[in-house]
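The values are calculated or read from the model by the stated rules, or taken from the named source; none is laboratory data. What you are looking at is a predicted structure, and each value in this text was computed from that prediction instead of being measured. Backbone-built Cβ (ideal geometry, glycine too); neighbour counts: all protein chains shown.
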Amino acid sequence: MVVQESQENSQTRGSGWQKPPQFERQREGDDVIIIRQPAPREGTLLEIAAEVSDLTLDVVSGLIDLGAVYYGETEAPGQAPKWRRANRLAEAAPHHPIKQGQWVRVHPNPKRYPAAQTTDWAARVIHLDADFCVVNKPARIPVQSHESNSVETVPRCLVKALGLEHLWMLHRLDYCTTGVLLLGRNEQSSRRFMQDMEAHKVQKQYKVLTPVPVEAGLEVVHYMYPGPFGSSLEVMAGKGLRARGPRLLSQQPISTGKEWKKCVLKIVDTKLPLQVYESTVNLSFGGRTHQIRAQLAAIGAPVIGDVMYGAIAGATVSDSAIADNDLIRRIDDCSQIDGPIGLHAYSMTWEDRTYKAVAPWEE
């Protein structure tokens with residue numbers, strides 16, 4: 001990871017907190033450079049963002065529309081700014097007044113997702129009514145917005161393609177995962193679904209491709225590290241763990257300030273259709289971040305194409321809650337995923353209705 005930062009920026013946030021005149025950061029595997037700088041004068045957001053980033057007005061206008069420009073608001077002098085994404089101001093965003101010294105943040109090379117433009121979104125809708133929109137999510141596009149791009153997401157693309165007013169994100173599928181995704185169209189129905197998710201009344205089934213067979217009928221139980229990420233961790237022997245990196249699992253329940261989250265999946269069946277093994281997996285406890293990918297890798301059967309968890313296949317944290325040096329090294333070597341993987345959300349059952357989507361390798 002490359003970090004360019006002055007010593008001033010190492011001050012803890014609090015009274016008298018200040019950022020350096022310019023702060024740039026490039027995260028490994030993300031390649032998003034962030035420029036934060038106080039406005040040298042009063043002006044519009046468009047003018048000031050162009051000035052601090054040394055970009056043209058036309059380029060910055062496009063970045064504002066994409067959600068790659070923010071302005072900072074502070075309640076009192078010396079406080080860290082609360083960042084507001086500029087495109088939430090809609091057409092008023094470029095003309096939003098910025099005071100001298102007010103913080104502006106620009107992502108000059110935002111993450112882009114070509115699938116947003118190349119996908120026939122209407123053709124991927126499985127079900128649409130007044131309460132919900134169910135879609136067969138394609139790979140290579142996120143459900144939740146990236147910090148540098150709030151437009152190219154599944155909900156925003158569907159809103160635009162179908163002419164809807166709004167869609168609520170109620171659960172997630174990874175960027176690299178395909179399949180059934182349910183989005184809410186109103187607050188009341190969305191709340192009902194979320195309550196049933198928490199009560200484990202929503203059943204999810206996945207199709208998974210692995211290079212080795214997984215025993216049919218096997219119930220896999222692990223405990224997942226709950227965070228925080230990025231800071232020095234006892235579980236990593238004082239080393240940090242990337243928020244966008246792999247999730248750590250243990251065979252036993254562990255408490256490191258927070259209790260580790262229980263993860264359960266059941267292998268329903270396994271077959272050999274394409275020179276790799278396809279398993280049907282039932283997911284319990286609503287689903288954790290990367291749960292299927294992490295658990296299958298932990299038992300030595302990483303998902304096809306999953307270079308992140310393939311690097312730590314067969315590894316879990318010991319009962320002492322300390323990752324060994326080999327696991328720490330392997331986590332450091334983990335790569336970010338760019339393409340699709342062999343993981344597909346095949347079906348979702350809720351309130352006596354089942355929504356299904358055929359896996360891309362079966363189409």
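Some notes on this structure:
- Close pairs (8 angstrom Cβ cut-off, 6 or more residues apart or separate chains): over 17 Å from S145 (Cβ atoms) in segment 172-187, β-branched (V, I, T) and surrounded by fewer than 23 Cβ atoms within 10 Å (Cβ to Cβ) anywhere: V180/I126; V180/V134; L182/V134
Residue-wise test of (1) out of contact with any His (no Cβ under 8 Å at 6 or more places or on another chain); (2) under 21 Å from D338 (Cα atoms); (3) without any contact (Cβ under 8 Å) to a residue 24 or more places away in the chain; (4) not in a helix (DSSP H, G or I).
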{"residue": "A76", "(1), (2), (3), (4)": "yes, no, yes, yes"}
{"residue": "P94", "(1), (2), (3), (4)": "yes, no, no, no"}
{"residue": "G101", "(1), (2), (3), (4)": "yes, no, no, yes"}
{"residue": "V104", "(1), (2), (3), (4)": "yes, no, no, yes"}
{"residue": "C133", "(1), (2), (3), (4)": "no, no, no, yes"}
{"residue": "Q144", "(1), (2), (3), (4)": "yes, yes, no, yes"}
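- The single residue among D338, D269, D326 that is farther than 26 Å from G217 by Cα, acidic (D, E), not assigned by TED's automatic domain parsing to the domain that holds P142 and not in a loop (DSSP other than H, G, I, E, B) turns out to be D326.
- The lone exception for L167 - which of (1) touching a Lys or Arg at 6+ places or on another chain (Cβ under 9 Å); (2) surrounded by 15 or more Cβ atoms within 10 Å (Cβ to Cβ); (3) under 18 Å from S347 (Cα atoms) it fails: (3)
- Flag for L209 being touching a Cys at 6+ places or on another chain (Cβ under 6 Å), under 30 Å from L265 (Cα atoms) and crowded, with 20+ Cβ neighbours inside 10 Å: no
- Single match in T354, T349 (criterion: polar (S, T, N, Q), outside any loop (DSSP other than H, G, I, E, B) and either without any contact (Cβ under 8 Å) to a residue 60 or more places away in the chain or over 25 Å from G179 (Cα atoms) (or both)): T354
- When residues in segment 61-104 are screened for being hydrophobic (A, V, I, L, M, F, W, C) and over 23 Å from the mean Cα position of the chain (by Cα), 9 of them pass.
- Criterion violated by V125 - all others in (1) at negative phi; (2) out of contact with any strand residue (DSSP E or B) (no Cβ under 7 Å at 6 or more places or on another chain) satisfied: (2)
- Top-ranked residue of segment 43-69 - restricted to ones that are within 14 Å of K99 (Cα to Cα) and touching a strand residue (DSSP E or B) at 6+ places or on another chain (Cβ under 7 Å), ranked as surrounded by the most Cβ atoms within 10 Å (Cβ to Cβ): A49
- Considered as a group, the residues in segment 106-131 that are hydroxyl-bearing (S, T, Y) and touching a residue at least 24 places away in the same chain (Cβ under 8 Å) include one that is nearest to E147 (Cα to Cα), and that residue is Y113.
- Hey, A92 within 25 Å of D54 (Cβ to Cβ), loosely packed, with under 12 Cβ neighbours inside 10 Å and not assigned by TED's automatic domain parsing to the domain that holds H171 or not: yes
- Under the condition of being surrounded by 13 or more Cβ atoms within 10 Å (Cβ to Cβ) and either at pLDDT 85 or above or not aliphatic (A, V, I, L, M) (or both), the residues counted in segment 336-363 number 19.
- The residues of segment 116-150 that are surrounded by fewer than 17 Cβ atoms within 10 Å (Cβ to Cβ) and either of a type in the set (K, R) or under 16 Å from the mean Cα position of the chain (by Cα) (or both) amount to a single one, Q144.
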